[in-house]
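See structure below.
The values are calculated or read from the model by the stated rules, or taken from the named source; none is laboratory data. From a predicted model like this one, the values you see are computed outputs, not experimental measurements. Here the Cβ positions follow ideal geometry from the backbone for every residue, glycine too, while neighbour counts run over all protein chains shown. The accessibility values were calculated without ligands, DNA or RNA, using every heavy atom of the protein model including side chains. Shrake-Rupley method; radii C 1.70, N 1.55, O 1.52, S 1.80 Å.
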Amino acid sequence: MSADDDGPLPQRPGKVIAVRAHRPGHPSYYLKPATALTGDDQVVLRPQGCLALGATARFALVIGERTRRVTRAEALGRIACLAAALEFTVFDLHAADDGSALRSNGIDGSTPLGPARLDLPATDLSTLELSCRINGELAHRVTAADLAHDFGYLVADLSRTLTLEPGDLILTGGPPRAPLVEPGDRVEVTLTGCPPLRARIRQDPEPLGVPGAQPTFGESERQAAHGPATLAPDTATRLREVSTATVAAQLRQHGVANHLITGVRPTRPDLRLVGVARTLRCLPLREDIWRLDQSGLDVRAHAVEEIAPGEVLVIDARQDPGAGTIGDILALRAAGRGAAGIVTDGPLLAAGSFAGLPLPVYHRGGHPAGLETRHVPWESQVAVACGGVLVQPGDVLVGDAEGLLVVPAGLAEEVARSAVEQEAREGFVREQVRAGAGLAGLYPMNTVWTNRFRAGGAAQTG
């Protein structure tokens, strides 16, 4: 990643602006240093101590003339040309940037730019396609039509407050999650009508050094790199087959005693809940503070809009009984996005309206007043306290009519396997007791009975 190479442009751009992941309503942006740019077939170095280097193909819009407060219709005429770009993100350095992406996305030479450029007026944007391959395998593909906001929108939006100058770059496109690459990998980006843009990944031989924050890879970095936590289908199936009492017993055997979310009950006792936690933390109301983005959504609504299939929205309402924490409209939206359930240690707003929802919802009763009378939705995807239990994003929630449990993400597979075996053992014991066997040596099983159980299981399997 040499800072001496100004990249393939005839002059170093004054600004490199990248589109952050699109949020509901409007895009957000971050600035990159021009020294991040490099050319085709260059080596990109992964810093020492870092494990998560992501690769994202981007459309690079090159501004052709001074642009200030243009309309959307005028904006396309201010783009001189298009090029392929490849942006590398060091997720291990996200925490150090506190949201700015300066170091995680601005390392010298971390953004190769294609030497070939397309003349925008002569390009059919409806057929424009960008693809990224890692070691020859397709990693992701995006078309100009797939973008949440078209090229003209981005230029017009930025020009409202920034003066865009000739040579400035705007990087857009790419998948929601950047696939990770390792030293030795080769990455290739192809833009319709242009030769491939290539990069080779190597490990930086020099240490990152001090002073300064060192690489870290916590839950927020893991989610940025890998996306929302998922539950293996076979693990989810096992957890649906066993009772919460069995899961609780297995958690205690694994040293996790504080796992029961207390004070909540299900709106639909007939529905089983198994899913991965997406957390929302609420703080006490302060009348001068309410967080809304440009589209008018608060943190709670954002959490619902971002929920992924199989996730459970877990609301930390401090067990406050004084206001409904979520209503049926947001619950319907969560269900429409594939949510596995909702858990709140506060009341529901108009709890009776939840009875017909095909979604497991655990709550602390109902209340006619809305969340805004007692709470401020503060942040999502952080560790929270719900019903007296610590819940981290990615933990597994398991609930039925008897109770609701938190299974640490790292234990979910083992707990599920052990729970299935425990219930198989208990079923075997019941059969023997019905047949007249005494409890001595059978419950719990000694070696003789254990061998009989295993032999019977093997026979059934065979």
Leading residue by the ranking (most open to solvent (accessible area, probe 1.4 Å)) among those in region 376-432 that are more than 28 Å from the chain's Cα centre (by Cα) and aliphatic (A, V, I, L, M): ALA401
Every residue from region 61-84 that is under 20 Å from CYS194 (Cα atoms), part of a strand (DSSP E or B) and either in contact with a helix residue (DSSP H, G or I) (Cβ under 8 Å, 6 or more places away or on another chain) or at pLDDT 95 or above (or both): LEU61, ILE63, ILE79, ALA80, CYS81, LEU82
In region 63-74, what residues are surrounded by fewer than 24 Cβ atoms within 10 Å (Cβ to Cβ) and in contact with a Leu (Cβ under 8 Å, 6 or more places away or on another chain)? ARG66, THR67, ARG68
(1) open to solvent by 10 Å² or more (accessible area, probe 1.4 Å); (2) closer than 29 Å to GLY427 by Cβ; (3) under 27 Å from the mean Cα position of the chain (by Cα) all hold for GLU241 apart from (3)
For ARG58, are the conditions met, namely being farther than 17 Å from VAL181 by Cβ, of a type in the set (Lys, Arg), under 33 Å from the mean Cα position of the chain (by Cα) and not in a loop (DSSP other than H, G, I, E, B)? no
Could you tell me which of the residues GLY209, GLY174 is modelled with pLDDT under 90 and surrounded by 13 or more Cβ atoms within 10 Å (Cβ to Cβ)? GLY174
Could you go through region 42-60 and let me know if any residue there is of a type in the set (Ser, Thr, Tyr) and modelled with pLDDT under 90. no
Return the residues of region 310-350 that are open to solvent by 10 Å² or more (accessible area, probe 1.4 Å) and free of Cβ contacts under 8 Å to residues at least 40 places away in the same chain; say none if nothing qualifies. ASP328, ILE329, LEU330, LEU332, ARG333, ALA335, GLY336, ARG337, GLY338, LEU349, ALA350
For region 270-309: of the residues being within 16 Å of GLY394 (Cα to Cα) and of a type outside the set (A, V, I, L, M, F, W, C), which is surrounded by the fewest Cβ atoms within 10 Å (Cβ to Cβ)? PRO309
The correct count of residues that are surrounded by fewer than 19 Cβ atoms within 10 Å (Cβ to Cβ) and farther than 21 Å from THR190 by Cα in region 18-62 is 16
Which one is modelled with the highest pLDDT among residues in region 104-115 that are assigned to a strand (DSSP E or B) and either open to solvent by 30 Å² or more (accessible area, probe 1.4 Å) or β-branched (Val, Ile, Thr) (or both)? THR111
